[in-house]
Amino acid sequence: MKRDFDPRLLVRWLGPKGASAGLEHSREFTIQRLQEVAEALNLEVKRNATKTELIDIIITDASRRIDKPVAALFQMGKDELVAYFEDRDVESSELLELLKQLDVSPRRKDSRKSLIEFAARELSETGRFMRIAGNTPHGEQTESSQQKVQPGSTPEPSAK
């Protein structure tokens, strides 16, 4: 008796690593059964693929969040694409793979600039909230708390 198997559901429940581990340790999912699953998903696999290779191929396919063909993506505007990618919670690696298929690679300068801007924005906003709350980041001491006070003396007021 063959039961239907939905690798996307398994990935949604367990995540890619959990799904891979479950299939790897499963006695029901033999190489033959995994080849049948791959065939049902129209995935190309080598005839002599190992169990691990088959699992990797199946889980990679099941983990894809972009479910539209490239032609459909080309019909969408920039804002529509951004909304689609965000709604589907598309991973960076999948976007990079899509761009690679199209022979487009993000310019390193642009990627670095975006990363720098993101890091600066996050640090700045977190710092602003911490200053408002009067907290110091991750156990660091502020300038005023670094003044050393000798036993029996009083700290000097800081000039502000």
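Rule-based calculations on the coordinates, nothing more; no lab input. Every value quoted in this text rests on a predicted model; they were computed, and no experiment measured them. Glycine also receives a Cβ, built like all others from the backbone with ideal geometry; neighbour counts cover every protein chain displayed.
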Practice task
Beta carbons within 10 angstrom, averaged per residue: use that to sort the peptides 67-74, 32-39, highest first.
Solution key: 32-39, 67-74
Fill in the blank from the handout: Restricting to aspartates and glutamates and to Cα separations under 12 Å from LYS68, and discarding same-chain partners fewer than 8 apart, the set is none
Problem - Sequence of LYS100, LYS78 once ranked by neighbouring C-beta atoms within 10 Å, starting from the fewest - result: LYS78, LYS100
Fill in the blank from the handout: Mean Cβ-within-10 Å packing, highest first, puts peptides 81-89, 16-24, 58-66, 124-132 in the order 58-66, 16-24, 81-89, 124-132
Completion exercise
Flagged as over-length at 23 Å C-alpha distance, from LYS17/LYS109; LYS78/LYS113; LYS78/LYS100, the pairs are LYS17/LYS109
